[in-house]
Each structure stands twice: as C-alpha cells, then as structure tokens.
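Q: Take a look at this one; I'll ask things after.
The values are calculated or read from the model by the stated rules, or taken from the named source; none is laboratory data. Model, not experiment: these values are computed from the prediction. Because the Cβ atoms are built from the backbone with ideal geometry, glycine has one as well, and the counts that use them run over all protein chains shown.
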Amino acid sequence: MNKEKVIQTTVTAHIENFGKEPEAAAWAPGRIEVLGNHTDYNDGTVLSAAINLGHCFCISRSSRPGIHLLAVDVNQIAAFDTANMEKVPGFSWANYIKGVFHFIQEHLGEKIDGLDCTFLGSIPMGAGLSSSAALEVAAATAVLKILDATIDQKEIARLCRRAEHLFAGTNCGLLDQFSSLFGRDHGLIHSDFRTLEVSPVQLPADIEFLVVNPHVKHSLADSPYNERRERCEQAAAQLAELLPHPVTALRDVSPEEFETHRSRIAAGAAKRAAHIVGEIDRVERGVELIRQGDLTAFGALLFQSHQSSIENFENSCPELDIVVEAAREAGAPGARLSGGGFGGSAIVMVRADQAQTISEKITALCKARGIVPEILAVTPSAGAQIIQ
C-alpha cells in the first residue's frame, strides 16, 4: 500500500469510526540503517535513510474524556488516560502512543485529553524497518499540530525514545526517531551520536535499496548484545591508558591508533573494537565518497562492513551471509546486514533500473542455497510531515 493509499484509508476509517473529519493528520516514515553498525553507543556516527513506508496518524477533538485510539490494521480501539504511567492492558500497540502523549503533556505542561485518534501503517512488522519509531513520530507530529504547539525536533526524538523505553520496554537509541524526523528525499541522514548533530547527504535520484529478509528469528539476546557492548567499553578504557589524548569512547580512537595498539589490549576487546573503529571510519569515508559521486566505492564499504560483522563483531549469521554474497554475485554495488544483527534483514544498494533484475537474481541464488527470501524495494524519502 503506497503512502497516498495509507493516508486515504486512515482518514476514511477515522470518519467512519468517529463520525468526523480529522483536524490534524501526520505521516512519519520507517528507516534503514545504511552504514554505521553498533556505533551509536560508542559515540559514533551513522548513515541511515527514511523510507517510503510509514504510518499515518489522524486526530480530532472529542467531548468524551480520555484518548480513544483506533488501530485500523487490527480493527481495535483502545482507550486510556494520559495522566498516569500505567500501561494500557491488553493493547500493547497502544502503549507507544500513550507514552508519547504522556511525555509531550509533561514537557508542555498542558493536559492532553478528549481526543479521537486513528492510525495505519505500511511497514511490514518484523522487517527491521522501525515501525514503532514511525508510529511514535507520527503521533507526536499530529498531536503537536492539534495542540498548536512546537517542540524542537531533537527533543521530540528524545520524548519518543523515552516513551519506547518506559511504556513499550524497548531500550532503543535515537537513530530510529532521528531517521523518521530528519529524512530527506533521495538522501541519507548523517547522525552524530556524540554531538546529536544531524546533516543530510544527498544521493542520486535513481538509488534504491532492497530490504532482503531471509526470515531468521531476530533477537538482540542479552548475552551477545551485552558482551559486545562490554568489550567495546573495555577496549576504550584500555586504549585510554595507551593514547596521549582523552578517550571516553571508541569514537576517540583513529584506525591508525587502533592498529598501533591493538596487540596491547585484551584480544576479545580488540576484536570487537576493530569493527567499531572501522565502522566509524567507513561512515566518514562514505559521506565523502557520496559527495564525490563515487557510488561504486561507497558500495564497497557496505561489503566491507558486512565482512567485519562476520570476522570482528560476529553479529551476522549464515543466512545473512548468503544474502550478501548473493547480492555481490548478482551485481549489486553494495550490501550488508542492517541493524543489530544476530538475524534480521540485509540491505542491498541498487540502481532503480537494475532493481528488478538484481532482486530476481538474489532470489534465485538464495533459493539454490536453501533460503527463500522476502525482498522489499524502498527509496530514501522525506521525514515526518503534517498532512493536514
């Protein structure tokens, strides 16, 4: 379902269920992580893209107290009061919205009450495209419109992240919300997680991405994720004792410094740090390559990133490796796992006129190796916006 159809369906459902036109409506996109794997909690940088799939969120005022929320895809209505921190029983999806409204209310010092809301999205669940952040950002954008209020976009991202932490129980970073808010048509978002600066990096108009899901159970299980993070912190602490300048995170270590001193720190920590230091460097080189128009060299960085995930961070899996190798054999300029790893999806960079051919080749090559992937073509798109 394209964006226009999602919006039309959401507005129609709102009118049918609540008997009135929405007074405010917003759209917010999902995202893909293009380059910069596990760099956020190392104070690093990431290249991501908002995509042409997302959520529409409609609101109208009501004489009834409370918030009444219709989820079109499951045809369920939940009701809640924003005054408390209690989760909505029986409707896990409603907690994302309650959290967003609760923290916006707290930030503004203005009670949010008496609203009818409707939402619908086009992002496949479990595809690793950040459906939850898109929903949060769409809800925040729409409710601020109906309240005639303004909050800085970075603060909106923080409020949405807090809602996801405390109401949905997911300890995410800011990448997903930043991507949904700051997306650009045919462009990437360069996010710095030390300074929280965000800047656009324009791509050629014919660049698309294939999201290839080999249907591996995606779980950032506590043991592998925590081990990776602990080893990164260990490496930073040990390198801080060896380098002449302050080191508070792996962001502060150049590739040259790391190679000089890696043999002097714990082997396990060095292995994990090699991925992070390399990724941060790849992001920065990638930005320059895109600006120079060298998409071939940029794509090579994606393949290098995936190889590092295999050898250094060990957060890939055989199915994702098969997908990435199939993309290489199919002639794609670049491919890598996207997101946390340990399952999930891979992204493949393609030219629009080659997308169908490369997609078919990837499917055939994967099937020959025992995998039947689901492939979705997405385009870098604009961030959250008011529709009405």
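Q: I'm checking my understanding of the structure. Among residues of region 55-82 that are among the hydroxyl-bearing types (Ser, Thr, Tyr), more than 28 Å from the chain's Cα centre (by Cα) and outside any strand (DSSP E or B), which one is surrounded by the most Cβ atoms within 10 Å (Cβ to Cβ)?
A: Ranking the qualifying residues of region 55-82, first place goes to Ser62.
Q: Next up: Would you confirm whether any residue within region 288-299 is exposed (fewer than 13 other Cβ atoms within 10 Å of the Cβ), at pLDDT below 95 and within 30 Å of Ile362 (Cα to Cα)?
A: no
Q: If you don't mind, there's one more thing I want to ask. Quick check on my filter: what residues within region 376-388 are assigned to a strand (DSSP E or B) and surrounded by fewer than 19 Cβ atoms within 10 Å (Cβ to Cβ)?
A: Within region 376-388, Leu376, Ala377, Gln385, Ile386 meet the criteria.
Q: Between a first residue in region 134-146 that is closer than 17 Å to Phe178 by Cβ and at pLDDT below 95 and a second residue that is in a helix (DSSP H, G or I) and not aromatic (Phe, Trp, Tyr), which pairs have beta carbons less than 7 Å apart while being 6 or more apart in sequence or on different chains?
A: none
Q: Would you mind finding the one in Leu166, Leu243, Leu239, Leu196 that is of a type outside the set (Val, Ile, Thr), crowded, with 17+ Cβ neighbours inside 10 Å and touching a helix residue (DSSP H, G or I) at 6+ places or on another chain (Cβ under 9 Å)?
A: Every option except Leu239 fails the conditions.
Q: Can you name the residue in region 166-186 that is more than 15 Å from the chain's Cα centre (by Cα) and not in a loop (DSSP other than H, G, I, E, B) and, of all such residues, is modelled with the lowest pLDDT?
A: Ala168
Q: Right, another one. Which of the following residues is among the β-branched types (Val, Ile, Thr), part of a helix (DSSP H, G or I) and at pLDDT 95 or above: Thr248, Thr260?
A: Thr260
Q: Which of the residues spanning region 114-147 are part of a strand (DSSP E or B) and not hydroxyl-bearing (Ser, Thr, Tyr)?
A: Residues satisfying the conditions are Leu115, Asp116, Cys117, Phe119, Leu120, Gly121.
Q: Next up: Anything in region 360-374 that is crowded, with 21+ Cβ neighbours inside 10 Å and closer than 26 Å to Ala205 by Cα? List them, or say none.
A: Ile362
Q: Output the residues belonging to region 33-54 that are farther than 19 Å from Ile386 by Cβ, surrounded by fewer than 20 Cβ atoms within 10 Å (Cβ to Cβ) and modelled with pLDDT of 95 or more.
A: Asp43 - this is the single residue of region 33-54 that is farther than 19 Å from Ile386 by Cβ, surrounded by fewer than 20 Cβ atoms within 10 Å (Cβ to Cβ) and modelled with pLDDT of 95 or more.
Q: Within region 18-25, identify whether any single residue is at negative phi, outside any loop (DSSP other than H, G, I, E, B) and among the basic types (Lys, Arg), and answer yes or no.
A: Looking through region 18-25, none of the residues is at negative phi, outside any loop (DSSP other than H, G, I, E, B) and among the basic types (Lys, Arg).
Q: Conditions first: (1) part of a helix (DSSP H, G or I); (2) free of Cβ contacts under 8 Å to residues at least 40 places away in the same chain; (3) among the β-branched types (Val, Ile, Thr). Thr150 passes all but one, so which condition is the exception?
A: (1)
Q: Count, please, the residues in region 241-263 that happen to be touching a residue at least 24 places away in the same chain (Cβ under 8 Å) and either under 21 Å from Glu227 (Cβ atoms) or of a type in the set (Val, Ile, Thr) (or both).
A: 5
Q: Which residues, taken from region 4-32, are among the acidic types (Asp, Glu) and surrounded by 15 or more Cβ atoms within 10 Å (Cβ to Cβ)?
A: Correct list: Glu23 only.
Q: Looking at Lys111, Lys87, Lys98, which is the one that is touching a helix residue (DSSP H, G or I) at 6+ places or on another chain (Cβ under 7 Å), farther than 17 Å from His165 by Cα and among the basic types (Lys, Arg)?
A: Lys111
Q: Going by the conditions given, is Val211 more than 30 Å from His102 (Cα to Cα) and outside any loop (DSSP other than H, G, I, E, B)?
A: Spelling it out, Val211 is indeed more than 30 Å from His102 (Cα to Cα) and outside any loop (DSSP other than H, G, I, E, B).
Q: So, one more: Just the residues that are free of Cβ contacts under 8 Å to residues at least 60 places away in the same chain and either within 24 Å of the chain's Cα centre (by Cα) or on the phi < 0 side of the Ramachandran plot (or both), please, taken from region 352-383.
A: Those that are free of Cβ contacts under 8 Å to residues at least 60 places away in the same chain and either within 24 Å of the chain's Cα centre (by Cα) or on the phi < 0 side of the Ramachandran plot (or both): Gln354, Gln356, Thr357, Glu360, Lys361, Thr363, Ala364, Leu365, Lys367, Ala368, Arg369.
Q: Output the number of residues of region 310-350 satisfying the condition of being assigned to a helix (DSSP H, G or I) and crowded, with 24+ Cβ neighbours inside 10 Å.
A: 6
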